[in-house]
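Peer 1: Shown below is the structure under consideration.
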Amino acid sequence: MSNFKNVQPLDDFNWEEFENGGSLGSNKNDLEKAYDETLNKVSEHQVVDGKVISFDKKEVIINIGYKSDGIIPASEFRYNPDLKVGDVVEVYVENQEDKKGQLILSHKKARLSKSWDRVNAALDNEEVVQGYVKCRTKGGMIVDVFGIEAFLPGSQIDVHPIRDYDVFVGKTMEFKVIKINQEFKNVVVSHKALIEAELEQQKKEIISKLEKGQVLEGTVKNITSYGVFVDLGGVDGLIHITDLSWGRVSNPHEVVELDQKINVVILDFDNEKKRIALGLKQLTPHPWDALNADLKVGDRINGKVVVIADYGAFVEIAPGVEGLIHVSEMSWSQHLRSAQDFMHVGDEVEAVVLTLDREERKMSLGIKQLKEDPWEAIENKYQEGTKHTARVRNFTNFGVFVELEEGVDGLIHISDLSWTKKVKHPSEFTQVGAEIEVVVLEIDKKNRRLSLGHKQLEENPWDTYETIYTPGSVHTGKITEMMDKGAVITLNEGGEGFATPKHLQKQDGTQAVAGDELEFKVIEFVKEAKRIILSHSRTFEEAAAAEEAKKRAARPARQKKEEAPVIQNVAAATTLGDLDALAQLKAQMEKGE
């Protein structure tokens with residue numbers, strides 16, 4: 001700033017000498033002194049006011065009333081895009097003269113010297129301040145406020161979600177200081193806070209005019225996994241994912257896109273919480289209302305699998321029109337499986353309409369109906385007595401369940417597995433998943449079940465056994481299994497017999513054991529029960545009794561008479577066993593006859 005108005009003319013100045021080019025002599029010092037007095041007294045490292053003389057893109061020229069003007073980089077004024085010539089700004093004197101004799105100033109340091117007090121005052125007074133957005137950072141932006149680097153969170157830039165932060169870099173904007181950490185000298189600012197109060201009033205006005213069923217135009221501002229937020233001009237509404245389309249929507253991006261202008265209908269709203277529920281699909285007729293009026297039960301339709309679960313699959317035949325194919329309608333088989341075994345999401349399928357309820361908007365479909373029910377003509381393919389190959393599905397204690405083809409099941413009773421082998425459990429005979437040859441014994445069309453046999457593939461060996469194992473006949477056999485009640489004997493001619501412990505005694509008094517190969521006499525043969533009762537002890541006991549009887553019969557009559565009193569007196573008790581044996585032999589022979 002200039003002080004030329006204070007300069008006074010020198011009374012003793014020699015103008016004549018000055019005009020003739022003479023020396024000013026001692027007056028020179030006086031002149032310099034007078035010149036210096038016209039300038040401001042400036043000290044280094046102090047803050048003074050200066051006036052903007054000129055500026056360009058690189059630098060700003062500032063006059064502080066010193067003998068030379070100062071230069072400040074234009075970047076220090078980026079926060080103030082309205083800077084103009086004549087503006088008074090505060091500057092910090094760094095150096096009165098550098099090596100080039102230039103006055104060095106700093107606007108940034110001048111701002112910083114008072115910035116902390118100013119930013120605290122802005123927080124206390126809820127003052128609106130200007131800031132320059134310097135750059136992006138994690139989670140937001142860095143803003144120059146009074147020379148302090150403040151943090152602008154991404155959520156505080158605007159009331160709308162910001163997708164491109166870069167568009168704000170280099171801009172000068174208004175902010176409110178919302179938080180200061182005195183310890184770490186951290187400052188947080190918000191631009192959103194400036195417009196929220198105004199928007200709040202706008203929201204109240206907008207909501208007060210809303211009505212259910214009203215159709216408004218809005219702009220898609222955000223898309224989430226559960227729905228779409230729409231800006232209705234100062235207030236937001238949500239279109240839930242289920243209200244986007246009559247059809248199933250897995251991703252809202254399939255229906256709308258960001259910044260798209262769409263018409264929506266108001267479904268509901270809450271004055272207090274300012275929540276507005278919007279609908280998009282409600283602007284179009286329900287697809288069921290447009291469904292072909294001629295469609296009826298029994299018709300074939302094509303569709304796409306949109307949802308699948310264990311119990312069935314939902315097939316979309318038109319957007320918003322779906323039918324359920326229950327897993328039981330996917331195959332004629334009575335063995336329920338998971339729907340995933342038959343189809344997958346996205347599959348194009350053909351199905352038959354099983355039920356159709358237009359009022360309830362429900363439809364059930366089937367795909368097994370596309371094939372002929374194998375039980376309709378079961379008698380033709382699986383006649384009684386015919387032989388087939390089946391696959392074992394599962395066991396029970398009483399038999400084996402098998403499948404001859406999809407939808408045709410049968411049971412082999414445990415007694416029909418083998419003519420000769422005693423099967424305690426079907427798992428001893430076969431295994432799940434194995435193939436087994438069967439003969440159809442009986443057809444139960446009502447219950448969709450076949451009675452099957454396996455042993456019937458061969459002739460009944462008991463017809464032959466009946467002629468071989470006649471009671472009283474003797475055969476060789478091997479003891480293959482010992483039990484408490486007796487032993488199982490495998491006979492050399494085939495089949496198995498059974499002997500109780502008392503019939504397993506050997507001639508030497510010892511008891512037969514597993515692995516012994518002995519002679520056995522048939523005591524009893526029952527074809528219907530497939531039972532052969534054997535005895536080893538009878539093979540020698542009855543022979544001995546018969547021999548003794550033969551000897552007695554051969555003795556002379558006189559000897560018999562002489563011996564008779566002795567027999568009656570002495571051997572009455574000792575021959576009791578023999579008499580018992582003879583009595584048994586007689587009874588057995590009579591039975592055989």
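All of the numbers you see were taken from the coordinates with simple rules; none came from a lab. Note that the structure is a prediction, hence the values are computed from the model and not measured. Positions of Cβ are backbone-derived with ideal geometry, glycine not excepted, and every protein chain shown enters the neighbour counts.
Peer 1: Can I get the semi-axes of region 451-565's equivalent ellipsoid? Compute them from the C-alpha gyration tensor as square roots of 5 times the eigenvalues, in angstrom, largest first. Don't skip to the end; give the middle numbers.
Peer 2: On the way: eigenvalues 281, 63, 21 Å².
Whole-Å semi-axes of the equivalent ellipsoid: 37, 18, 10.
Peer 1: Tell me the trypsin sites (Lys or Arg not before Pro) within region 293-362 that lie in a loop according to DSSP and have at most 13 other beta-carbon atoms within 10 Å. Could the numbers behind the result be given before it?
Peer 2: Details: sites: LYS296, ARG300, LYS304, ARG337, ARG358, ARG361, LYS362; in loops: LYS296, ARG337, ARG358, ARG361.
Hits after loop and neighbour filter: LYS296, ARG337, ARG358.
Peer 1: Another question, then. Taking every pair of alpha-carbon atoms in region 290-408, give the share separated by more than 21 Å as a whole percent.
Peer 2: Numbers: 3361 of 7021 pairs.
So the portion of pairs separated by more than 21 Å is 48 percent.
Peer 1: Determine the sum of side-chain charges near ILE241: Lys and Arg each +1, Asp and Glu each -1, restricted to other residues whose C-beta is under 12 angstrom from that of ILE241. The partial results should precede the final answer.
Peer 2: On the way: positive: ARG248, LYS281; negative: ASP243, GLU254.
In short, 0.
Peer 1: Can you tell me how much longer the chain between GLU493 and LYS57 gets when fully stretched, taken as 0.36 nm per residue apart minus their C-alpha distance, in nm with one decimal?
Peer 2: Numbers: separation 436, 0.36 × 436 = 156.96 nm, distance 12.01 nm.
Here the answer is 144.9 nm.
Peer 1: Say R0 is 22 Å: what FRET efficiency, to the nearest 0.05, do ARG163 and ARG275 get from their beta-carbon distance?
Peer 2: Values: r = 24 Å, r/R0 = 1.08.
E(calc), rounded to 0.05, equals 0.40.
Peer 1: Could you tell me the center-to-center distance, by alpha carbons, between region 76-96 and region 482-499 in angstrom?
Peer 2: Rounded to whole Å, the Cα centres lie 120 Å apart.
Peer 1: Apply 1/(1 + (r/R0)^6) to the Cβ-Cβ distance of GLU217 and LYS304, taking R0 = 35 Å, and write down the FRET efficiency to the nearest 0.05. Could the numbers behind the result be given before it?
Peer 2: Values: r = 33 Å, r/R0 = 0.93.
Computed FRET efficiency for GLU217 and LYS304: 0.60.
Peer 1: How about region 387-474: which GluC sites (Glu not before Pro) there are in a DSSP loop, with at most 16 other Cβ atoms within 10 Å of their Cβ? Walk me through the intermediate numbers first.
Peer 2: Numbers: sites: GLU403, GLU405, GLU406, GLU428, GLU435, GLU437, GLU442, GLU458, GLU459, GLU466; in loops: GLU406, GLU458, GLU459.
The qualifying sites are GLU406, GLU458, GLU459.
Peer 1: Just to confirm a number: summing +1 for Lys and Arg and -1 for Asp and Glu over residues other than LYS51 whose beta-carbon lies under 12 angstrom from that of LYS51, what do you get?
Peer 2: Details: positive: LYS84; negative: ASP49, ASP69, ASP87, GLU90.
So the surrounding residues net to -3.
Peer 1: Here's something else I'd like to know. For ALA290 and GLU205, what is the calculated FRET efficiency with R₀ set at 41 Å and r taken between the beta-carbons, to the nearest 0.05? Don't skip to the end; give the middle numbers.
Peer 2: Values: r = 39 Å, r/R0 = 0.95.
Given R0 = 41 Å and the Cβ-Cβ separation, E is 0.60.
Peer 1: While we're on this one: Per the Kirkwood formula on distinct C-alpha pairs, the Rh of region 120-279 is how many angstrom?
Peer 2: Values: mean 1/r = 0.0566 Å⁻¹.
In region 120-279 this quantity evaluates to 17.7 Å.
Peer 1: Can you give the percent of C-alpha pairs in region 189-305 whose distance is more than 23 Å? Don't skip to the answer; put the middle values down first.
Peer 2: Values: 2820 of 6786 pairs.
In whole percent, the long-distance tail amounts to 42.
Peer 1: If you keep only loop residues by DSSP, which GluC sites (Glu not before Pro) in region 148-195 have at most 10 other Cβ atoms within 10 Å of their Cβ?
Peer 2: On the way: sites: GLU149, GLU174, GLU183; in loops: GLU183.
Here the GluC sites (Glu not before Pro) that fit, given the DSSP loop and packing criteria, are GLU183.
Peer 1: Could I ask something else about it? Can you give the net charge of the other residues whose Cβ lies under 13 Å from the Cβ of ALA193, counting K and R as +1 and D and E as -1? Provide the component values of the computation, followed by the final result.
Peer 2: Numbers: positive: LYS176, LYS179, LYS192; negative: GLU126, GLU127, ASP158, GLU174, GLU196, GLU198, GLU200.
Residues near ALA193 contribute -4 overall.
Peer 1: Anything over 32 Å Cα to Cα? Flag those among LYS171/LYS261; LYS502/LYS527; LYS209/LYS304, in the order listed.
Peer 2: On the way: LYS171/LYS261 28 Å; LYS502/LYS527 24 Å; LYS209/LYS304 43 Å.
The pairs that break the limit, which is 32 Å between Cα atoms, are LYS209/LYS304.
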